[in-house]
1. In the range 34-61, what residues are assigned to a loop (DSSP other than H, G, I, E, B), touching a strand residue (DSSP E or B) at 6+ places or on another chain (Cβ under 7 Å) and small (G, A, S)?
2. Can you tell me which condition S232 does not meet? The list is (1) of a type in the set (S, T, N, Q); (2) outside any loop (DSSP other than H, G, I, E, B); (3) within 14 Å of E213 (Cβ to Cβ), and all the others hold.
3. Look at C112 and say whether it is open to solvent by 10 Å² or more (accessible area, probe 1.4 Å), in contact (Cβ under 8 Å) with a residue 40 or more places away in the chain, closer than 19 Å to F209 by Cβ and out of contact with any Cys (no Cβ under 7 Å at 6 or more places or on another chain).
4. Look through the range 186-195, keep the residues that are open to solvent by 10 Å² or more (accessible area, probe 1.4 Å) and in a helix (DSSP H, G or I), and return whichever of them is nearest to A241 (Cα to Cα).
5. How many residues are open to solvent by 60 Å² or more (accessible area, probe 1.4 Å) and either more than 20 Å from V105 (Cβ to Cβ) or more than 21 Å from the chain's Cα centre (by Cα) (or both) when one looks only at the range 39-59?
6. Given the structure, is G183 open to solvent by less than 10 Å² (accessible area, probe 1.4 Å), at pLDDT 90 or above and over 15 Å from M289 (Cα atoms)?
7. Might you check whether a residue that is part of a strand (DSSP E or B), in contact with a Lys or Arg (Cβ under 9 Å, 6 or more places away or on another chain) and in contact (Cβ under 8 Å) with a residue 24 or more places away in the chain occurs anywhere in the range 284-297?
8. Which one of these is at pLDDT below 95 and within 17 Å of D147 (Cβ to Cβ): L135, L70?
Amino acid sequence: MAALSFTHNHQPSDNRRGGSHHHRHGPVVEEIEGLIKVFNDGCVERPPIVPAVSATVHPSAKVTAFDIKLSNDTWARVYIPGAAAFSPSVTLPLLVYFHGGGFCVGSAAWSCYHDFLTDLAVKARCVVVSVNYRLAPEHRLPAAYDDGVNVVSWLMKQGSNGGYSWVSKCDLSNVFLAGDSAGANIAYQVALKMTNTSNLKGVILIHPFFGGEARTFSEKQQNSKSSALTLSASDTYWRLALPRGVSRDHPWCNPLISSSAGFLREARLPTSMVFMAEFDILKDRNMEMCKVMRSHGKRVEGIIHGGVGHAFHVLDKSSVSRDRIHDMMCRLRNFIHP
């Protein structure tokens, strides 16, 4: 159904700077082909490799979707499944979702996320708030983490203050954080920063983007089935996203190093679900993350999907991927509604 105007209509930006006049900006100093170019003068170009779409959904989707502006730098796309949208007495769990893209590219308006989250809201029976956070290298970490904390805090305040009418559709005592790739990293870090929030019931990490100086076996394997994320692209994303001068063993990239392992042990993380993919270069890191979290007494459910690669749920349209997406949706629904 068409988007309903619960709030003003916010038009997302296309996250591009620099245009096509490459010669004006000097040489390219960092590049991931087709995704991002960083020029010597600091200008950034992000080709529109994935189309940005409006919040409008097909009438058959049984979802109400609309955009809300949160600040001058952040906005979000909200998805409310039909049961809650048209019944004043129905409230549903709230899932706050962070898109992927190595902290440097991506948008809540990308068609692949719009399609996935439209389906997820219906199949998992939850309200989804998809956050469009600030991107690196213009806004290096912890900017994205700060945006995530601010959005969740804002949502809680809306509930306690009576806020926007659409927030009344959310059961704010039943909140989940989720994301894929860099978005999963953000969800994890936001959860750590909000461990005293009793309303936070679970964290869902889909192919979480972590790294480190030492290479894992799955990173070194790099076969033709390694999927969308390559080791070279991963390294470039981290160079652009981390604070200048730090290595990939910074805790935001490598949360398993000794300097942050103690913090993980003491953190009051809610139950977590970690999705992994057989051909993802991050598989071994994700498996180790689950192991260490369990060793520190955290409740973690890990799922490995075979025959697919990194971020297959938004990037792969094959029949194998569709089967795995169906399984992912079912597991997400059962996790949100135990």
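1. A55
2. (3)
3. yes
4. Filtering the range 186-195 for residues that are open to solvent by 10 Å² or more (accessible area, probe 1.4 Å) and in a helix (DSSP H, G or I), the one nearest to A241 (Cα to Cα) comes out as Q189.
5. Going through the range 39-59 one residue at a time, the tally reaches 5.
6. Criteria met by G183.
7. Scanning the range 284-297 turns up no residue that is part of a strand (DSSP E or B), in contact with a Lys or Arg (Cβ under 9 Å, 6 or more places away or on another chain) and in contact (Cβ under 8 Å) with a residue 24 or more places away in the chain.
8. L70
The values are calculated or read from the model by the stated rules, or taken from the named source; none is laboratory data. Keep in mind that this is a model prediction, so the values were computed, not measured. So basically every Cβ, Gly included, is an ideal-geometry build from the backbone, and we count neighbours across all protein chains shown. Heads up: the accessible areas ignore ligands, DNA and RNA and are worked out on the full protein's heavy atoms, side chains in. Shrake-Rupley method; radii C 1.70, N 1.55, O 1.52, S 1.80 Å.
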